[in-house]
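Chemist: Following this message is one structure expressed as structure tokens.
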Amino acid sequence: MRRLDQYLANLGYCSRRQAREWVEAGRVTVDGRVADNFGAKAAAAAVAVDGAPLDHPGALLLLLHKPVGLVCSHDEREGPSVYSLLPERWRRRNPAVTSIGRLDKDTSGLLLLTDLSPLVHRLTSPRHKVPKVYRATLDRDLAPDLAARFAGGTLLLEGEQEPCAPAAFRALGPREAELTLTEGRYHQVRRMFAATGSTVLTLHRARFGDLELGDLPPGQWRELELNTFAPGEGAVSSG
Ligand code: URA
């Protein structure tokens, strides 16, 4: 149970001050009766604004097909972001909807978004070793020793002391490969290929744990059940 003005402000309807005005203007009902006290507590399911139930009062978990050209940052100075794809109201929620890990501006593919910060921490923690599958096209033919180099657990990225964890590599074509990582270092796929002398031309994340994009077009998202990552649900193995 939360206060009416908190629901409206935290779910992105309006500011806390406006929420009080909305209640006083009779726009908010509890169990169908017009509320007259913005500080009154109510169950989310009982509250309606302008006759409509509250917009996702629980939490959001979204699977987005990130297109190239958008950043995963809330900082507007970094350019257009994935958050621009979401409904306005969701962009004003508190806690904020944020990405679970990031994809570079030039990388497309599967990106999870949520306002559940414990989930962000759990799924980005190196301890959980969530497998993430990337498809890359390269500027030159794949060297025959790439699978061994990526799987070896000794590959060093420029400027780092700690070698990359073993990564599974699969050639898909002469200049196209799939790489499965259980870490999430900055620009990791591009830097791993750079460490072997090749340049990634295009990069796409095809899977995150057991999740795939399916036929979701770039720029579109779909909601996931909040229990998708409940321990023991199998979407992500923590081994
Ligand atoms: N590795 C990269 O280089 N970029 C990404 O966006 C993700 C993984």
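Chemist: Whole-Hz Karplus ³J(HN,Hα) for the stretch 129-137, in order, using 6.51 cos²θ - 1.76 cosθ + 1.60 and θ = phi - 60°, x for Gly and Pro?
Modeler: After applying 6.51 cos²θ - 1.76 cosθ + 1.60, I find 6, 5, x, 10, 9, 10, 10, 10, 10 Hz.
Chemist: Rg/Rh for the stretch 2-53 to two decimals, with Rh computed the Kirkwood way over all alpha-carbon pairs.
Modeler: Ratio value, two decimals: 0.89.
Chemist: How big is the Rg/Rh ratio for the stretch 131-208, C-alpha atoms only, Rh by Kirkwood, two decimals?
Modeler: That ratio equals 0.91.
Chemist: Past the 17 angstrom mark, what percentage of all C-alpha to C-alpha distances in the stretch 88-220 do you count?
Modeler: Working: 5344 of 8778 pairs.
Beyond 17 Å sits 61 percent of the P(r) for the stretch 88-220.
Chemist: Which residues does a label at A171 reach in the stretch 136-154, if reach means a backbone N under 12 Å from a point 7 Å past the Cα toward the Cβ?
Modeler: 141-148
Chemist: Excluding ligands, DNA and RNA, what is the solvent-accessible area per residue of the chain at a probe of 1.4 Å, expressed in Å²?
Modeler: Per residue, the chain has an accessible area of 52 Å².
Chemist: What number comes out for the charge environment of K41, summing +1 per Lys or Arg and -1 per Asp or Glu over other residues with Cβ under 9 Å away? Before the final figure, lay out the partial values.
Modeler: Details: positive: R2, R3; negative: none.
Once positives and negatives cancel, what remains is +2.
Chemist: Ignoring ligands, DNA and RNA, please state the percent of accessible area on the chain from carbon and sulfur, probe 1.4 Å.
Modeler: 50 percent
Chemist: Kirkwood hydrodynamic radius, computed over distinct alpha-carbon pairs, for the chain: how many Å, to one decimal?
Modeler: 20.0 Å
Chemist: Starting from 0.36 nm per residue, how many nanometres of slack lie between S84 and L216 once their C-alpha separation is accounted for? Don't skip to the answer; put the middle values down first.
Modeler: Details: separation 132, 0.36 × 132 = 47.52 nm, distance 1.75 nm.
Here the answer is 45.8 nm.
Chemist: Still on this structure, please answer the following. Tell me what the chain gives for mean residue ellipticity at 222 nm when only DSSP H runs of n ≥ 4 count, each as -39,500 (n - 2.57), the sum divided by the residue total, rounded to 500 deg cm²/dmol.
Modeler: Computed mean residue ellipticity for the chain: -4500 deg cm²/dmol.
Chemist: Going 7 Å from the Cα of T199 in the Cα-to-Cβ direction, what parts of the stretch 118-156 have a backbone nitrogen less than 14 Å from that spot?
Modeler: Those under the cut-off are 137-141.
Chemist: Taking the Cα centre of the chain as the origin, how large is its charge dipole in debye, to the nearest 20, when only Lys and Arg (+1) and Asp and Glu (-1) carry charge on their Cβ atoms?
Modeler: 360 debye
Chemist: So between A44 and R185, what do we pick up on full extension, going 0.36 nm a residue minus the alpha carbon distance?
Modeler: Value of the extension gain: 46.9 nm.
Chemist: Just to check I understand the Karplus step: with θ = phi - 60° and J = 6.51 cos²θ - 1.76 cosθ + 1.60, what whole-Hz values come out for the stretch 69-80, glycine and proline as x?
Modeler: x, 10, 9, 9, 10, 7, 7, 4, 5, 7, x, x
Chemist: Scan around S81 for amide H atoms under 5 Å from its own, H built in the peptide plane at 1.01 Å from N, and keep only partners 5 or more places away or cross-chain.
Modeler: Excluding prolines and chain starts, which carry no amide H, the hits are V71.
Chemist: Through the Karplus equation 6.51 cos²θ - 1.76 cosθ + 1.60, θ set to phi - 60°, convert the phi angles of the stretch 166-177 into ³J(HN,Hα) values in whole Hz; use x for Gly and Pro.
Modeler: Using θ = phi - 60°, the values come out as x, 10, 7, 10, 9, 6, 10, x, x, 10, 9, 8 Hz.
Chemist: Please give the length that would be gained between N94 and R77 if that part of the chain were fully extended, namely 0.36 nm times their separation in residues minus their C-alpha to C-alpha distance (nm, one decimal).
Modeler: Values: separation 17, 0.36 × 17 = 6.12 nm, distance 2.09 nm.
Length gained, N94 through R77: 4.0 nm.
The values are calculated or read from the model by the stated rules, or taken from the named source; none is laboratory data. Just so we're clear, the structure is a prediction, and the values are computed from it rather than from any experiment. Every residue, glycine among them, receives a Cβ derived from its backbone with ideal geometry; neighbour counts consider all protein chains shown. Calculation scope for accessible area: heavy atoms of the full protein, side chains included, ligands and nucleic acids excluded. Shrake-Rupley method; radii C 1.70, N 1.55, O 1.52, S 1.80 Å.
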